[in-house]
Amino acid sequence: MTDGIGARVKRKEDKRYTTGSGKYTDDVRNENQAYAAFVRSPHAHANVTGIDASAAEGMPGVVAVLNGAELTGDGIGNIICGWAITSKDDTPMNMGAWSALATEKVRYVGDAVAVVIADSMEEARNAAEAVEVSYDELPAVVDTATAMDAGAAQVHENAPNNLIFDWELGDEAATDAGIAAASHVTKIDLTNNRLSPNPMEPRSAVATFDPAEEHYTLYTTSQNPHVARLVLSAFYQVAPEHKLRVIAPDVGGGFGSKIYIYPEEIVCLWASMKTKRSVKWTSTRSEAFLTDAHGRDHVTHAEMGFDADGKITAFKIDTIANLGAYMSLFSSAVPTYLYATLLAGQYHMPAIHCNVKTVYTNTTPVDAYRGAGRPEACYLIERVMEKAAREMGMDPAELRRKNFILEFPYQTPVIMNYDCGDFPGHLDKAQAAADVAGFAARKAEAASRGKLRGLGYSTYIEACGIAPSQAVGSLGAGVGLWESAEVRVNPVGTIEVLTGSHSHGQGHETSFAQVVADRFDLPVENIQIVHGDTDKVQFGMGTYGSRSGPVGLSAIFKACDKVELKVKQIAAHLLDASADDVFCEGGEVKVKGTNKSLGWHEIGLAAYTAHNLPEDMEPGLKEGAFYDPVNFSFPAGCHICEVEIDPETGVVEIVKFTAADDFGTLINPLIVEGQVHGGIGQGVGQAMLEQVIYGDDGQLLTGSYMDYTMPRADNLPSFDVEHNSVPSPSNPLGVKGCGEAGAIGSPPAIMNAITDAIGTENLEMPATPSNVWQAIQANQIKHAAE
Ligand code: MCN
C-alpha cells in the first residue's frame, strides 16, 4: 500500500473540520440543558465581604445561584498542583488554597466567585451581572522580578514573600569554578514574555448528572480526558471515578492550555448534581484571555564561561518564574524539570547550575504552553551563544559547531541522557538551505536601499514523548507516564484502534492509521482511530509534550505485534501452513511460496464465528498494550532566520526562515511539516507580537485581539522545512515528537537575526516596531556618545 509510514497522506479529519461538521463540546445539546455563567472578580486582589444573590435569583429563567461556601460545604476539594517540587533547603512547595469558587478572597481579575444556572445562556449572563458581590480591595502584586520584594502584597498567607519554592539543579561549586576559570564570560538578562494560549475553540464543558444511576457525564475541551476523570474524582471528589464518564470530542486546539482541570469543569459537574439539569458553559473570548492558563513569564540572569578557544566552561542561570495567583496542575514542572533539564542545549557543557524561584502574583495562573519550559531554555541558551560569539568576535555558527555534542549516548550535567543526534548535520543542512554564503551580498544590497538585514541562528533540543514512568515519577510527577492502546479487528476485517492519546489538531486519525496500515499492508481507510472517551478507551495519559508519536504510537505498535501473532496463527490453521510462513501483503494474509491467501474479512470472521480456530485459541481478535519507553525522545534541529528592518519605522520583515529538523522516523511528513509551520507561527508571535500585559493594579490590559496581537499571514514568510532524521533508539518506530519544535527553535533565531541587524543586544521580546525602533535609537545615541 502507498499510504503507510512515510507517505504524505492528507488528513482524514480535515473534511469534517473544514466543512463545519466537526462535533465540539459546545455542539452538545442535551435535553433539559441549562447554562452556567460565572460571576468573576473585577479586582486583582480583594477580600470578599458579601454575596447578595437575591436579585439574580428572582430573574427570568434562573435555576440557581451557587457560591463557594456551598461548594466546599458539599465536600468538593481544592484545585491542586500535582507535581511536587522540593526547595533546595528540603522544604516542600508553598501551595496556596484554590477553591473552584473563591470564598474569602479573590486573587486575580477573573477569579470566579459564584455561578448562575439558568434556562438560557442570555438569562444566565444577565443574572450573573445582577449578583452583588462586596469586596474590600487590597494592593496587588503583578511584576515577576519584584514579587518577592519586601512590602509587596502577599497573595497567599502560607507563601511568605510570595515565594512558592526555591529550587536548584546542577553542581553550583563546579559551575562557579568553571566561570572563574573562563577567559571570557558572557552575561545576559532576559525576560521571557508572558503569552496567552488562544486556541481557536474556547474552553467549554457540558455536565450531566443522572440521578437514577448517580452517574455523571462530562463533555469537555480536554487534551487528556482520562487524567481529567482521575483528578476530578481522586483529588476534587466531584464524583467517583467509575461513576464519571469524560468525553473530549473534537477539540479545536489546546497548545497546552487544555491539559488542566479548571474551576469551570468542577463547578459544572457539581451544579448538574445540585440542579438535576445538564449544565453547559462555554467561555467567551474575553473570559479566555482572563482565565485560560498563560505561558512563559520568566525573568533570568545568566552567565556562560568560555575558554580561550571558545569552548564552554560553565553555565550559571538564575530564574524567577511567575506562576500567577494559584498553582495550576503542572505549573511547578514547567520552570523546573521541563526547563532546567534542557539547559545544556546541543552543547558539551562541563558544568551547569540553575536556580529557579517561583512566585505568586495577582495574575492568571501560568502553566504549560506549546513547548513548556523548553522554549524558555532554548531562548536563553541561544541568545547567550549569539551574544558570546559577537563579544568574542567569532562566527556564531562556528562557536556553536565548536561546542556541539558529537557522541551519544551523552549524559548532560542536568539529568537528561541524549540518546542520539546529528547536530553538525542539522546546521549544515540549514546553512545550505538558507544560503548563508549569499547573506553578505543580500545585506549589502539591502543597505543600498537604506534597510538593515540580519541573520540569526538557533539550535534546539527538546525532551519530548513525555514519559518514561521511572523518570517522571522520580522527579515528583506523582504518576508514571506511559500510553495504552487496543487494536480490534472486526469480524468484517476492518480495524478500530483505541488510543489513550488525544488529537486536537495533530492529525492522529490519519498518522496513527498509517502506522497500522503500514504494519498490515492495508488501506488507511480501513482503520479507524478512537480516542477521547473514558467509556471507550480504558485509560490513557493524553496528549502534551509531543508524546503521542513516540509513546502513543508505540503502544499501538506493540498491540499490533500481538494482533499479528494471532492473525498468523489463524491463517496458518485455515490454510494448513506454518505461522512462520504467513505474511501480510496487499490487503491480504498470504503464505510464502504459495498462492494461498485470505482476506482480512475471512480472518475476522473466523476469529469471531470461532468454530474453526486452532485448538485452545480464544475467540475474538483484539489485543491491548501499555507502552512505557526507556527514555524521552530528543528532537533537535537548527533554525536560521533572515530579517530586513526599516530603521525609520522599526518594522521587521522575516524574509526567509529555514528549519532543519530531526524528528526521527517521519510517519507523515505532510503532518510533520504542518506541525512545524504552526509552531514557527507561534514562535513568530512570541518573538514579534504577543505579550500579556497587566497594569500595576492587576487589571489585564491585553484582554482582546485589539490589544493582544496574534500572528497573521502577512507576518509569516513561506517556511523552508528540511529534514535531517536520526531515528530514535528509544522507541520501536524511531519516532521523535514534532508538535512543539517550531515554537521552541524559532524565537531565538528571530531575535538573533533582529539584534544582528540593529547591532545591539538590548532588545526583549516581543520585537514590535516600537521596541525595535527604540533599540535602534538607543544604540545610535550610545555610539554617538562613545
Ligand atoms: N508525527 C509524525 N512523525 C513524527 C512525529 C510525529 O508523523 N516523527 C505526527 C504524529 O503522528 C501526530 C503529529 O505528527 O499526528 C504530532 O505528533 P507529536 O509530535 O507526537 O505531538 P502530539 O500529537 O503529542 O501533540 C502534542 C503537541 C503539543 S505538546 C502541542 S502544545 C501542540 C502540538 O502538538 N498543540 C497543538 N500541535 C498542535 N497542533 C494543533 N493543530 N493544535 C494544537 O493544540
Among 155, 109, which is the only one that is surrounded by 16 or more Cβ atoms within 10 Å (Cβ to Cβ), in contact (Cβ under 8 Å) with a residue 24 or more places away in the chain, outside the structural domain of residue 27 (by TED's automatic domain parsing) and in a loop (DSSP other than H, G, I, E, B)? 155
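If you check residue 198 against the conditions, is it more than 16 Å from the ligand (Cβ to nearest atom), closer than 30 Å to residue 677 by Cβ and not hydrophobic (A, V, I, L, M, F, W, C)?
Here the answer is no, as residue 198 does not meet what is asked.
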Looking at the stretch 566-617, which of its residues are among the charged types (D, E, K, R) and either within 41 Å of the chain's Cα centre (by Cα) or farther than 14 Å from residue 489 by Cα (or both)? 566, 568, 576, 580, 581, 585, 588, 590, 592, 596, 615, 616
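Do the conditions hold for residue 566, that is, is it touching a residue at least 60 places away in the same chain (Cβ under 8 Å) and either touching a strand residue (DSSP E or B) at 6+ places or on another chain (Cβ under 9 Å) or assigned by TED's automatic domain parsing to the domain that holds residue 501 (or both)? If you could, list the steps in order and put the result at the bottom.
On the way: touching a residue at least 60 places away in the same chain (Cβ under 8 Å): no; either touching a strand residue (DSSP E or B) at 6+ places or on another chain (Cβ under 9 Å) or assigned by TED's automatic domain parsing to the domain that holds residue 501 (or both): yes.
Judged against the criteria, residue 566 is not a match.
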Do we have any residue at all in the stretch 336-345 that's within 16 Å of the ligand (Cβ to nearest atom), touching an Asp or Glu at 6+ places or on another chain (Cβ under 8 Å) and either of a type in the set (Ser, Thr, Tyr) or not assigned by TED's automatic domain parsing to the domain that holds residue 40 (or both)? yes
Scan 173, 212 and give me the residue that is in a loop (DSSP other than H, G, I, E, B) and more than 16 Å from the ligand (Cβ to nearest atom). 212
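Residues are listed down the side, and each one gets a yes or a no for (1) buried (at least 17 other Cβ atoms within 10 Å of the Cβ); (2) among the charged types (D, E, K, R); (3) under 18 Å from residue 749 (Cβ atoms); (4) not assigned by TED's automatic domain parsing to the domain that holds residue 246:
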position: 405; (1), (2), (3), (4): yes, no, no, yes
position: 408; (1), (2), (3), (4): no, no, no, yes
position: 423; (1), (2), (3), (4): yes, no, yes, yes
position: 429; (1), (2), (3), (4): yes, yes, yes, yes
position: 435; (1), (2), (3), (4): no, yes, yes, yes
position: 439; (1), (2), (3), (4): yes, no, yes, yes
position: 444; (1), (2), (3), (4): no, no, no, yes
position: 452; (1), (2), (3), (4): yes, no, yes, yes
position: 472; (1), (2), (3), (4): yes, no, no, yes
Answer yes or no: is there a residue in the stretch 660-675 that is away from the ligand (no atom under 13 Å from the Cβ) and in contact with a helix residue (DSSP H, G or I) (Cβ under 6 Å, 6 or more places away or on another chain). yes
Taking the stretch 465-496 and keeping only residues that are away from the ligand (no atom under 16 Å from the Cβ), closer than 20 Å to residue 85 by Cα and part of a loop (DSSP other than H, G, I, E, B), one is left with 478, 479, 480
Could you list all residues from the stretch 236-253 that are surrounded by 24 or more Cβ atoms within 10 Å (Cβ to Cβ) and within 16 Å of the ligand (Cβ to nearest atom)? 248, 251
Is it the case that the stretch 378-385 has a residue that's within 16 Å of the ligand (Cβ to nearest atom), touching a residue at least 12 places away in the same chain (Cβ under 8 Å), assigned to a helix (DSSP H, G or I) and over 30 Å from residue 45 (Cβ atoms)? yes
Kindly evaluate residue 379 against the criterion of being modelled with pLDDT of 95 or more, more than 28 Å from residue 184 (Cα to Cα), in contact with a helix residue (DSSP H, G or I) (Cβ under 9 Å, 6 or more places away or on another chain) and aromatic (Phe, Trp, Tyr). no
Please work out if residue 685 is part of a helix (DSSP H, G or I), surrounded by fewer than 24 Cβ atoms within 10 Å (Cβ to Cβ) and in contact with a helix residue (DSSP H, G or I) (Cβ under 9 Å, 6 or more places away or on another chain). no
The stretch 535-562, residues that are surrounded by fewer than 24 Cβ atoms within 10 Å (Cβ to Cβ) and either more than 25 Å from residue 257 (Cα to Cα) or among the polar types (S, T, N, Q) (or both): 538, 557, 558, 560, 561, 562
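Within the stretch 583-614, work out how many residues are hydroxyl-bearing (Ser, Thr, Tyr) and touching a strand residue (DSSP E or B) at 6+ places or on another chain (Cβ under 8 Å). Outline the logic, then answer.
Filtering the stretch 583-614 for residues hydroxyl-bearing (Ser, Thr, Tyr) gives 594, 597, 608-609.
Still in the list and also touching a strand residue (DSSP E or B) at 6+ places or on another chain (Cβ under 8 Å): 597.
Residues meeting the conditions: 1.
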Single unsatisfied condition, residue 82 versus (1) over 32 Å from the mean Cα position of the chain (by Cα); (2) in a loop (DSSP other than H, G, I, E, B): (1)
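Evaluate the following for residue 256: is it crowded, with 23+ Cβ neighbours inside 10 Å, assigned to a loop (DSSP other than H, G, I, E, B) and either charged (D, E, K, R) or modelled with pLDDT of 95 or more (or both)? Spell out how you get there, then give the answer.
Working: crowded, with 23+ Cβ neighbours inside 10 Å: yes; assigned to a loop (DSSP other than H, G, I, E, B): yes; either charged (D, E, K, R) or modelled with pLDDT of 95 or more (or both): yes.
Taking the combined requirement at face value, the residue satisfies it.
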On the given criteria, is residue 462 of a type in the set (Asp, Glu) and either within 13 Å of the ligand (Cβ to nearest atom) or in contact with a His (Cβ under 6 Å, 6 or more places away or on another chain) (or both)? yes
Hey, does the stretch 143-162 have a residue that's of a type in the set (Val, Ile, Thr) and out of contact with any strand residue (DSSP E or B) (no Cβ under 9 Å at 6 or more places or on another chain)? yes
Of all residues in the stretch 455-470, count the ones that are under 21 Å from residue 501 (Cβ atoms) and within 19 Å of the chain's Cα centre (by Cα). 8
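Somewhere in the stretch 514-527, is a residue assigned to a loop (DSSP other than H, G, I, E, B) and within 11 Å of the ligand (Cβ to nearest atom)?
The initial filter retains those residues of the stretch 514-527 that are assigned to a loop (DSSP other than H, G, I, E, B), namely 521-523.
Then keep just the ones that are within 11 Å of the ligand (Cβ to nearest atom); that gives none.
No, because not a single residue in the stretch 514-527 is assigned to a loop (DSSP other than H, G, I, E, B) and within 11 Å of the ligand (Cβ to nearest atom).
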Looking at the stretch 346-375 only, could you name the residues that are hydrophobic (A, V, I, L, M, F, W, C), touching a helix residue (DSSP H, G or I) at 6+ places or on another chain (Cβ under 9 Å) and outside any loop (DSSP other than H, G, I, E, B)? 352, 354, 356, 359
Please verify whether the stretch 290-301 includes one or more residues that are within 21 Å of residue 118 (Cα to Cα) and either within 16 Å of the ligand (Cβ to nearest atom) or β-branched (Val, Ile, Thr) (or both). no
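Each row is one residue, and each column tells you yes or no for (1) in the same structural domain as residue 384 (by TED's automatic domain parsing); (2) within 15 Å of the ligand (Cβ to nearest atom); (3) not β-branched (Val, Ile, Thr).
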site	(1), (2), (3)
702	no, no, no
707	no, no, yes
735	no, yes, no
748	no, no, yes
756	no, no, yes
769	no, no, yes
779	no, no, yes
785	no, no, yes
For the stretch 67-117, which residues satisfy the criterion of being closer than 19 Å to residue 54 by Cα and acidic (Asp, Glu)? 70
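Tally time: how many residues in the stretch 533-550 are within 14 Å of the ligand (Cβ to nearest atom), more than 12 Å from residue 485 (Cβ to Cβ) and either touching a helix residue (DSSP H, G or I) at 6+ places or on another chain (Cβ under 6 Å) or among the charged types (D, E, K, R) (or both)? Even if it seems obvious, please write down each step before you answer.
Of all residues in the stretch 533-550, those within 14 Å of the ligand (Cβ to nearest atom) come to 540-550.
Still in the list and also more than 12 Å from residue 485 (Cβ to Cβ): 542-547, 549-550.
Cutting the leftovers down to either touching a helix residue (DSSP H, G or I) at 6+ places or on another chain (Cβ under 6 Å) or among the charged types (D, E, K, R) (or both) gives us 542, 547.
Residues that pass the stated criteria total 2.
The values are calculated or read from the model by the stated rules, or taken from the named source; none is laboratory data. Treat the numbers as computed from the prediction; the structure is a model and nothing was measured. Every residue, glycine as well, gets a Cβ built from its backbone with ideal geometry; the counts of neighbours run over all protein chains shown.
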